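Worksheet for the structure shown next.
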Amino acid sequence: MPTGLHVDGAWSAATGDRVFAVLDPSTEEVLATVADASPADGLRALAAAHTAQAAWGRTAPRERAEILRRAFEIVLRRTEEFALLITLEMGKPLAESRAEVAYGAEFLRWFSEEAPRISGRFTTAPDGRNRLLVTKRPVGPCLFVTPWNFPLAMATRKIAPAVAAGCTMVLKPAELTPLTALLLAEVFTEAGLPPGVLNVVPTTDPAGLTGPLLADPRLRKLSFTGSTAVGRRLIAGCADQVLRMSMELGGNAPFLVFEDADVAAAVEGALVAKLRNGGEACVAANRFLVHTAVVEEFTSRLVARMREYPVGRGTEAATRIGPLVDEKTRTKVSELVRDAVHKGATAPIGGNAVPGKGFYYEPTVLVDVPADARILAEEVFGPVAPITTFGTEQEAVRLANATEYGLVCFAYTRDLDRGLRLAEDLETGMLGLNTGVVSNPAAPFGGVKQSGLGREGGAEGIEEYLETCYVAVSDP
Ligand code: NAD
């Protein structure tokens, strides 16, 4: 298992041999120590990316595609190794880690297929007197900053389109989960990626490492996935160099259940939208808005099904909810639940942290949640489902939109016209219509409002790594 810095195709120690500990959130014990990159190490990684860019940007698209395809196959072949590492450093149950490996690997395959399809156009100007040639070229060296909740998929979602487009990169993974990203670097070496194209530099000083990189004219783009608060700071940091940016930020997803919904199906969708990844997902349903006519049925079914989700170590076969990633995350979940209960909500199931070692929290449903409860406005990032009600479609839309976020909405209804109206009326980048899962490497993932800028995945994903160049051609 690699634990060093990966710079210019080689593994190295950090300046001063500094290291930091990675914990297993299910035991709070040290899992490994990892090299702790200094700002100078970050600049060394950028220098390698910058040096590699010229030759890499000129490689044949087919060559880049084949490297991605090989990386896809290696990741799949090493599924068990990746899944165990994800579970150990992040906490989710092994079955979910395997699902993340499949999902994360799929970005490698999808963008291996996109690389040869990068194209421009040659056309006649409207007045017929000129030709317009439009070409695409790689943006150049990129900085990637990724979160801990999907340590593999959030990395491949950026690396794969960048490799396909011909960009080089420096990846700074989350300090809670650097091991998966380092193993991925090993995979790319085996797949034949040239030195310097992908550099990985974990650090406990993310602001210190990224600041000088954002200020360096050799960097051409930042792609960030994480909280809106940090995203805002990084957007400001991009201003001086007028960097291209992609920002995948926080969410506050509403989950709407209309009076004509298949309630049993809505409950199954709710379980996935809420409990996948223990609720630690930007697309996790954060607010359940249920029509008054079906709220009783929905709540009692949801509570009954949640009893079938045992909490435990991710490595144990029976576990369906692992620990939260750290004490800070658990404290925030506890605070939001306490605030709601203090203001009048009740918890028919759960409502407490699990005592003992490991950052466990019980799957929880909250009912009678008052409008001023913080949990309706803030990302809970835990297995807590607050339920409130609405009476009309208009009211549902108004409540759903009453947030600064706009990443994803979920809606259950049997009325297709309503579904299409919602797709227009909801302020969201993505809508799950009668489904609790939207993520798909072939689809454009991303948000509006303060949930971010740009899209990852789909045909849109590669555009984020391409610059447009227009050549005016005189009449032939
Ligand atoms: P975070 O913002 O605390 O950290 C994300 C990354 O930013 C980490 O790598 C961290 O080291 C780095 N970072 C922290 N402070 C920094 C600074 N001052 N300068 C530069 N880098 C800094 O978020 P998190 O707790 O790791 O992840 C959870 C958040 O990520 C949630 O808000 C979630 O909604 C969001 N998220 C969004 C998406 C999406 O696609 N929209 C996907 C997953 C997670």
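Principal-axis analysis of the Cα atoms of the chain puts helix 327-342 at an angle of about 40° to the longest axis. If you take the alpha carbon atoms of the stretch 62-177 and fit the smallest convex hull around them, that volume is 110 Å³ per residue. With one equal scatterer per alpha carbon and no solvent term, the Debye-computed log10 I(q)/I(0) for the stretch 332-386 at 0.15, 0.17, 0.21, 0.28 1/Å reads -0.35, -0.45, -0.67, -1.14. Computed extension length for residue 423-residue 33: 135.7 nm, one decimal, from 0.36 nm per residue of separation with the Cα-Cα distance subtracted.
Across the stretch 201-263, Cα-Cα distances exceeding 16 Å account for 55% of all pairs.
Treating only the Cα positions of the stretch 158-253 as identical point scatterers, give the base-10 log of I(q)/I(0) from the Debye formula at each q in 0.20, 0.21 Å⁻¹. So the normalised log intensities are -1.13, -1.22.
Here the alpha carbons of the stretch 436-476 define both size measures, Rg and Dmax, at 15.7, 55 Å. Starting from the Cα of residue 81, step 7 Å toward the Cβ, then list every residue of the stretch 158-180 with an amide N under 15 Å from that point. Backbone N within reach: 179-180. Our coupling estimate for the stretch 234-239, obtained by passing each phi through the Karplus curve with A = 6.51, B = -1.76, C = 1.60 and θ = phi - 60°, is 6, 4, 4, x, 7, 5 Hz, Gly and Pro reported as x.
Give the residue from 228, 207, 267 lying farthest towards the positive end of the charge dipole for the stretch 189-275; charges sit on Cβ (+1 for Lys and Arg, -1 for Asp and Glu) and the dipole is referred to the Cα centre. The listed residue farthest towards the positive side: 207. So how far, in whole Å, is the C-alpha centre of the stretch 186-225 from the one of the stretch 226-250? That distance is 15 Å. Loop-located GluC sites (Glu not before Pro) in the stretch 297-403 (DSSP state other than H, G, I, E, B) with a sparse environment of at most 15 neighbouring Cβ atoms within 10 Å: 308, 316. Taking each DSSP H run with n ≥ 4 as -39500 (n - 2.57) and averaging over every residue of the chain yields -12000 deg cm²/dmol at 222 nm. Note on residue 60 and residue 472: the model spin-label points, each 7 Å out from Cα along the C-beta direction, lie 3.6 nm apart.
Entry for the stretch 268-368 at q = 0.10, 0.23 Å⁻¹: log10 I(q)/I(0) = -0.27, -1.46, Debye formula applied to identical alpha-carbon scatterers, no solvent contribution. Rounded to the nearest 10 degrees, the inclination of helix 295-306 to the longest alpha-carbon principal axis of the chain is 70 degrees.
Beta bridges per DSSP, both residues in the chain: antiparallel share near 45 percent.
What is the sum of charges around residue 469, taking Lys and Arg as +1, Asp and Glu as -1, for the other residues whose C-beta is under 11 Å from the C-beta of residue 469? Within the 11 Å Cβ shell, the charges total +1. For the stretch 408-462, the calculated P(r) over all alpha carbon pairs, in 10 Å bins from 0 to the bin holding the longest distance, is 25, 50, 25, 1 percent.
Sites count as exposed loop sites when they are trypsin sites (Lys or Arg not before Pro), lie in a DSSP loop, and have at most 14 other Cβ atoms within 10 angstrom; the longest stretch of the chain without one is 130-306.
Take the Cα radius of gyration of the stretch 32-76 and divide it by 2.2 N^0.38 Å, N being the number of residues; the result is 1.60. Would you order 90, 430, 1 from fewest to most other beta-carbon atoms within 10 Å of each residue's own beta-carbon? Least to most surrounded, the residues fall as 1, 430, 90. Restricting the calculation to Cα atoms, the chain yields a radius of gyration followed by a Dmax of 23.0, 78 Å.
Counting neighbouring beta carbons within 10 Å and listing from fewest to most, the residues 309, 361 come out as 309, 361. Any of 158/449; 92/221; 92/343 with alpha carbons more than 29 Å apart? Name them for me. Table pairs above 29 Å Cα-Cα are 92/221; 92/343.
Each reported figure results from applying straightforward, stated rules to the coordinates on display, with no laboratory input. These numbers were taken from a predicted model, which means no experiment stands behind them. Here the Cβ is made from the backbone with ideal geometry for all residues, glycine too, and neighbour counts use every protein chain on show.
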